[in-house]
Every structure is written in C-alpha cells, then in structure tokens.
1. Tally up the residues in the stretch 179-190 that are more than 17 Å from Ser134 (Cα to Cα), touching a residue at least 12 places away in the same chain (Cβ under 8 Å) and part of a helix (DSSP H, G or I), please.
2. Cβ contacts < 8 Å: first residue aromatic (Phe, Trp, Tyr), restricted to the stretch 155-176; second residue not in a helix (DSSP H, G or I), any location; separation 6+ or different chain. Result?
3. If Cys208 meets every condition in (1) more than 14 Å from Ser102 (Cβ to Cβ); (2) out of contact with any helix residue (DSSP H, G or I) (no Cβ under 6 Å at 6 or more places or on another chain); (3) in contact (Cβ under 8 Å) with a residue 24 or more places away in the chain; (4) not acidic (Asp, Glu) apart from one, which number is that one?
4. Of all residues being within 21 Å of Leu14 (Cβ to Cβ) and among the hydroxyl-bearing types (Ser, Thr, Tyr) in the stretch 281-326, which is surrounded by the fewest Cβ atoms within 10 Å (Cβ to Cβ)? Just the residue, please.
5. Counting just the residues of the stretch 219-248 that are modelled with pLDDT of 85 or more and under 30 Å from Trp127 (Cβ atoms), which one comes out surrounded by the most Cβ atoms within 10 Å (Cβ to Cβ)?
6. Pick from the stretch 186-205 the residues that are of a type in the set (A, V, I, L, M, F, W, C) and in contact with a helix residue (DSSP H, G or I) (Cβ under 7 Å, 6 or more places away or on another chain): which of them is farthest from Asn320 (Cα to Cα)?
7. For Ile336, work out the one condition from (1) part of a helix (DSSP H, G or I); (2) at pLDDT 80 or above; (3) not basic (Lys, Arg) it doesn't fulfil.
8. Is it the case that Ala204 is under 18 Å from the mean Cα position of the chain (by Cα), hydrophobic (A, V, I, L, M, F, W, C) and either loosely packed, with under 12 Cβ neighbours inside 10 Å or at pLDDT 80 or above (or both)?
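The values are calculated or read from the model by the stated rules, or taken from the named source; none is laboratory data. Keep in mind that this is a model prediction, so the values were computed, not measured. Here Cβ is always computed from backbone atoms with ideal geometry, including for glycine, and neighbour counts include all displayed protein chains.
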Amino acid sequence: MPTAKNYKALLVILVFVMIFMALLNVSLGSVKIPFKDIFNILFQQSETNESWQYIILEYRLPKVFTAILTGSGLAVSGLLMQTLFRNPLAGPYVLGLSSGASLGVALVIMGATFFGGTAAAILVSKWSLVIASSLGSLLVLLAVLMASAKLRDTMAILIIGLMFASLTAAVVSVLAYFSPAAQLQQYIFWSFGSLGNLSWQEVAILSCFWFLGILIAISCIKNLNTLLLGEQYARSLGVKISRNRFLIIIATSLLAGSITAFAGPIAFVGLAVPHLIRQVIPTNDHRTLIPSVILGGAILMLACDIAAQMPGSEYTLPINAITSLIGAPVVIWLLIRKQKFIF
C-alpha cells in the first residue's frame, strides 16, 4: 500500500498534469496563436496582437477556469454521493438536480412561445436561463430535503431522487412535444452543455458557489470516513446522521446545481472520476480522496474540452457528448473488470 509520502507525491504529479492540460487548452482553438505569444499575453511581458489578447484573456482563459471548476465540482459531488449512499454507481445527479434544472430551462425556453417579440427575447436571455436552472434545482432539492427529514433510510432518499428525476423528465418531454422547432432546438443546444460562454463575472459567481460547496465537503471529511463503516457504526461513534446527510446534500446541490446553471448538464464526470482516482490512489481516506478528486476532475474536464475542440479542425463538439463518450466506457470497463469498490 502506498504511504502518506507517496500520496503527496501523486498529488503533486496531478497538480503538474492539471497545469499542463490548462496551458495546452489555452493554446488550442480555431485561431492559431504561437505559444510564445500566449506566454507573453498571460504574463504581460510585451505588447502583442490585440485580437489574440482578447481571444486568450476573454474567451480561452475563462473557459479553462470554467472547465477546472466544473470538472472538480462534479467530481467532488460524485464522491460525496457515492459515500453517502455507499453505492459505486451514484453520481451528483441522483438527487434529480439536473432534471430539475432542465425543467426550469425547458419552462423558460418552451414557455416563451406564449409571449411575443421582446417579451420572449427577455425570457430566453442568458441570465434568465441561469435563474430558471437554479430555481429548478432548488425546488427539487427542497422536495428531497423534506423527504429526507421524514426518512431514516438513505437508500429511500436515493429512490426518491430518481423518481423526481423521472417526473421532471416526463414534464420536459410533454413540453417538447408541443413546442415549435426553434424553441426545441434551443433547448437541445442548452442540453449539450458549454464551457465557453461564461464571462469573468459569471466565472467569479460560479467560483463562489464552488468554494462554498468544497468548504462544506471538507468540513464533513471525518464523518464521511465514518460513514464508510455503515450508518449504525457511525451512530455508535456519535455521528449525527441526519445533520451529516443534510450537509452532504447541501454541498452536492451547491456544486452540481450551480455548475448545471452556468455550464448546462454535463454527464458522467462525477460518476467516473472517483473510480479513476481510486485506481491511481487506492485509499478510502477522504482527506486524500477529496483533493485527489478535485485535481482528477479538473484534468478530465480539460482533456474532454481539448477533445471537443477537435485540434486541427474548425469544429467544436458538444462537451456533454465528449464526457459521455469518455465516461460511459470507463464505468463499463470498471464493472467488467469487477473491481472491488472501496465502500
């Protein structure tokens, strides 16, 4: 078994890999910019082409930060859900947060058909979609929290979350059936997910939610380690299961809900990353797992964004499609290998 010193070395390696992937991501795009000029722009060592400067500082760099926040946030929320439910196939969206966000956006986009001209344009603005997505996630979260207050069985909460997801998905399907092609297409584009549409102001807001969610997750580390031994054992050690469950659900909701609001629904990252990290760092200590998963999620999302840009091509693929193409085979591979999951 690797020692604590080896774990620290692996974390340092992950940090350098993340930095390399971030620099590689900044260097790629439809406009070819020499790496020397990118370095000068990032560190402001000399005057450079103004259009290149705008592309790097106002588009590519925010996209890199968004990818890091998105990947790490989803990975941590996935780890929290897998530990809470003691289920290796639990992900950040098992509580129905993604479906709630999708319902909020669907109501705004497809409901805009009942309004004309200017009113419809205001309804389908960027911030209205963010607010609708956040409210949709919040409503589902409140429903799950109300249910969790009356239930002692954690698996029952998982089933309730899945039922809320099915219910909201059914409502979205009905709305889609009656919506015109233009609104339906706009909703489909939102469902593809996007890392490149955020301004620095929006990245700052997302960072605040990310920081708060990570802070709550870190505060739960001791109890998360105890939960791995079972709820009964955790109770015998004095862990307040209901309070701990509430904090974990809040942390997951802050991370997954805010990311879905700003970047759209992004699949499989939260499910796959904790398992991939356990292959590299075989431990169940969340003091090591949480920072490792943060770095692993950021690296995977940066890699997916690089693949989505199709280097050497003018086309950019939907980020949600890339994460599914990478994440789904990883989960299948892990299940076929019949690895003993650490729970």
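1. 3
2. Sorted first by the residue in the stretch 155-176, then by its partner, the pairs are Phe164/Leu95; Phe164/Gly96.
3. Result: Cys208 fails condition (3) only.
4. Thr283
5. Ile248
6. Just the residues of the stretch 186-205 that are of a type in the set (A, V, I, L, M, F, W, C), to begin with: 188-190, 192, 195, 198, 200, 203-205.
Applying the additional criterion that residues be in contact with a helix residue (DSSP H, G or I) (Cβ under 7 Å, 6 or more places away or on another chain) yields 190, 192, 195, 198, 200, 203.
Details: Trp190: 10, Phe192: 5, Leu195: 10, Leu198: 16, Trp200: 22, Val203: 19 Å.
Per the stated criteria, the residue is Trp200.
7. (2) is the only condition that Ile336 fails.
8. Answer is yes for this residue.
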